[in-house]
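Quick notes on the structure that follows.
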Amino acid sequence: MDQQQEIFTELLLRIKALGYDVFDGELPPANTPYPFVYLGDMQQTDRNTKSEVIGSAFPSIHIWHSSPKKRGTVSNMLQEIKVVCRRIEKAKNYAWFVRNMNQRIITDTTTKTPLLHGILEVEFAFS
């Protein structure tokens, strides 16, 4: 299995285990209840060594909530997902560790009703 697919699958299963609705590929239908998690784009850099492939995978994880007044809920969800990320140490084929995380909470005005949008960008190193 490709490295970025392995960490994507780990994130999907572990975030669902928290009890959140998790979507990937495309955003859910308009009638989907909030809050929800969306596994967005994924980037990977890698290089060969004499004995293995090492590198980093960079998933982007999004949370949307229907109320800008629910910042605490979005913040708590981001924190729980950060804990999940940090607990991923070994998957089926690779060893993983979090090298960096970048977290933002922004207002999203792309719909008729303003939303709150949490964004978590993670750098996972693998070997």
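Please treat every number below as a calculation from the coordinates, not as lab data. Since we're looking at a predicted model, the values are computed, not measured. Ideal geometry is used to build each Cβ from the backbone, glycine not excepted, and the neighbour counts take in all protein chains shown.
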Consider Phe97 carefully, then state whether it is buried (at least 16 other Cβ atoms within 10 Å of the Cβ) and closer than 14 Å to Glu6 by Cα.
no
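Only one of Leu27, Leu78, Leu18 is over 13 Å from Glu123 (Cα atoms), of a type in the set (A, V, I, L, M, F, W, C) and under 11 Å from the mean Cα position of the chain (by Cα). Can you tell me which? If you could, list the steps in order and put the result at the bottom.
Numbers: Leu27 fails: under 11 Å from the mean Cα position of the chain (by Cα); Leu18 fails: under 11 Å from the mean Cα position of the chain (by Cα).
Selected residue: Leu78, the only one of Leu27, Leu78, Leu18 that is over 13 Å from Glu123 (Cα atoms), of a type in the set (A, V, I, L, M, F, W, C) and under 11 Å from the mean Cα position of the chain (by Cα).
For segment 84-119, what are the residues that are part of a loop (DSSP other than H, G, I, E, B), in contact (Cβ under 8 Å) with a residue 12 or more places away in the chain, within 21 Å of Phe23 (Cβ to Cβ) and of a type in the set (S, T, N, Q)? Lay out the reasoning, then the answer.
Pass one, segment 84-119, residues part of a loop (DSSP other than H, G, I, E, B): 88-89, 91-94, 109-114.
Now narrow it down to the ones that are in contact (Cβ under 8 Å) with a residue 12 or more places away in the chain: 88, 91-94, 113-114.
This time we only want the ones that are within 21 Å of Phe23 (Cβ to Cβ), so: 88, 113-114.
Listed by number, the list holds a single entry, Thr113.
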Pick from segment 46-83 the residues that are polar (S, T, N, Q) and without any contact (Cβ under 8 Å) to a residue 12 or more places away in the chain: which of them is farthest from Leu115 (Cα to Cα)?
Ser51
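Test Ile7 against the criterion of being touching a residue at least 60 places away in the same chain (Cβ under 8 Å), closer than 25 Å to Pro68 by Cβ and buried (at least 16 other Cβ atoms within 10 Å of the Cβ), and give yes or no.
Details: touching a residue at least 60 places away in the same chain (Cβ under 8 Å): yes; closer than 25 Å to Pro68 by Cβ: no; buried (at least 16 other Cβ atoms within 10 Å of the Cβ): yes.
So Ile7 fails the test.
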Note on segment 30-43: residues without any contact (Cβ under 8 Å) to a residue 40 or more places away in the chain and more than 13 Å from the chain's Cα centre (by Cα) are Ala30, Asn31, Thr32, Pro33
